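What follows is a short report on a single structure.
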Amino acid sequence: MSSIFTSIIAGEIPCHRVWEDDQHLAFLDINPIRPGHCLVIPKREISYIFDMEETEYTALWNAVRTVEKKIRNATGCQRVVVSVVGWEVPHVHVHLIPTDEMANFPAPASCDFDASEFSTLAARITEAKE
Ligand code: 5GP
């Protein structure tokens, strides 16, 4: 079954488009964290950003930078915050959220974590295969 974003690309579901090229589409998030919150997506449906081929991956981030400039120029915001989540829609998308202060992007609370585990975890990740 194709993703809701593939339906948007196909024009079966409406969106507020802000930019596109052959491989990407950018549109307003339907449930914005801040006014001007956009999503940039590859037109080829793929679930997980780090499974993308190198050239597609690089092209996506170049598209993100293009849209970031447009958002900053349009909103006059100080920083566009970028986030990649993907738990709700399994079609790669990068969130671009205009912000003027830290409080504009509420970060998740840090986890309950025993400081003695830092060394163990750092070692485990250091030694893990790439
Ligand atoms: P994530 O998968 O990164 O957790 O969240 C998916 C994002 O897509 C959410 O911010 C949600 O508001 C947005 N979204 C989900 N469905 C639609 C839709 O049909 N249209 C638009 N414009 N955004 C959507």
Test of the criteria: in segment 28-130, which chymotrypsin sites (Phe, Trp or Tyr not before Pro) are in a DSSP loop and have at most 12 other Cβ atoms within 10 angstrom of their Cβ?
TYR48, TRP87, PHE113
Using a 1.4 Å probe on the protein heavy atoms only, what accessible surface does CYS15 show? Give it in Å² to the nearest 10.
50 Å²
Rounded to the nearest 0.05, FRET efficiency between ALA128 and THR58 (Cβ-Cβ, R0 22 Å) equals 0.35
Residues whose built amide H sits under 5 Å from the amide H of HIS24, excluding neighbours closer than 5 in sequence, are LYS43
Considering only PHE105, SER3, ALA115, whose Cα is most displaced toward the positive end of the charge dipole of the chain, charges sitting on Cβ of Lys, Arg (+1) and Asp, Glu (-1)?
PHE105
Taking a straight Cα-to-Cα line shorter than 21 Å from LYS129, and setting aside same-chain lysines fewer than 8 residues away, one finds none
List the GluC sites (Glu not before Pro) within segment 43-94 that DSSP assigns to loop and that have no more than 16 neighbouring Cβ atoms inside 10 Å.
GLU45, GLU53, GLU88
Excluding ligands, DNA and RNA, what is the solvent-accessible area per residue of the chain at a probe of 1.4 Å, expressed in Å²?
71 Å²
Sequence-separation-based contact order of segment 1-74, relative, with Cα cut under 8 Å and 6+ spacing, percent:
23 percent
Using only Cα atoms, what Kirkwood radius does segment 3-130 have, in angstroms?
16.4 Å
Rounded to the nearest percent, how much of the accessible area of segment 6-85 (1.4 Å probe, protein heavy atoms only) is carbon and sulfur?
49 percent
Amide H neighbours of HIS93 under 5 Å, at least 5 residues apart or on other chains, H built in the peptide plane: list them.
none
At 222 nm, what value in deg cm²/dmol follows for the chain if DSSP H runs of at least 4 each add -39500 (n - 2.57) and the sum is divided by all its residues, to the nearest 500?
-9500 deg cm²/dmol
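The values are calculated or read from the model by the stated rules, or taken from the named source; none is laboratory data. Computed from a prediction, not measured in an experiment: that's the story for all the values here. When we count neighbours, we look across all protein chains shown, and the Cβ atoms used for this are built from the backbone with ideal geometry, even at glycine. Only protein heavy atoms, including side chains, enter the accessible area calculation; ligands, DNA and RNA are left aside. Shrake-Rupley method; radii C 1.70, N 1.55, O 1.52, S 1.80 Å.
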